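Beneath this line is the structure, given in structure tokens, with notes to follow.
What follows draws every value from the coordinates through simple rules; no lab data is involved. Values in this document were obtained by computation on a predicted structure and should not be read as measured data. Note that each Cβ is placed from the backbone with ideal geometry, even for glycine, and that neighbours are counted across all protein chains shown.
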Amino acid sequence: MAELIIQIAAVLIFFAILFSVIRLVLGRTLVDRIVAVDMLTVISISLIALYAHASGRFAYIDVALVYGLLSFLAVLAVARFLEKGF
């Protein structure tokens, strides 16, 4: 039963990747594209966590946490740049 849930989660994650890439390509404004890239980082974090659970190596959760922190800081930097410039 747990393997079925992991497979369903993987399929949903790949659909989310597909829709985020579509938004990245078809985004009308720069903000749309930035949100799509941020969504792709969130999806990749969930993919890392899913892989950590499936493989039983929970050290990857630390990698996902650091990646999430760096992604958050990058989005803040881009937002500040768009608001004020350098």
Requested in this report: May I ask you to evaluate 6.51 cos²θ - 1.76 cosθ + 1.60, the Karplus curve with θ = phi - 60°, for each residue of segment 44-55 and list the ³J(HN,Hα) values in order in whole Hz, giving x for glycine and proline?
Outcome: 5, 5, 5, 5, 5, 5, 5, 5, 4, 5, 5, 8
Query raised in the report: If you stretched the chain out fully between Arg57 and Leu70, how much longer would it get, using 0.36 nm times the residue separation minus the C-alpha to C-alpha distance?
Result: 2.5 nm
Requested in this report: For a footprinting-style exposure proxy, rank Leu12, Leu47 by other Cβ within 10 Å, fewest first.
Outcome: Leu12, Leu47
**Report entry** Computed E for Val35/Phe15 - FRET, C-beta separation, R0 22 angstrom, nearest 0.05
**Finding:** 0.80
Query raised in the report: What is the packing order of peptides 53-63, 31-41, taking the mean over residues of other C-beta atoms within 10 Å and listing the highest first?
Result: 31-41, 53-63
Report summary line: Under the helix-only model (-39500 (n - 2.57) for each DSSP H run of 4 or more, divided by the residues of the chain), the mean residue ellipticity at 222 nm, to 500 deg cm²/dmol, is -31500 deg cm²/dmol
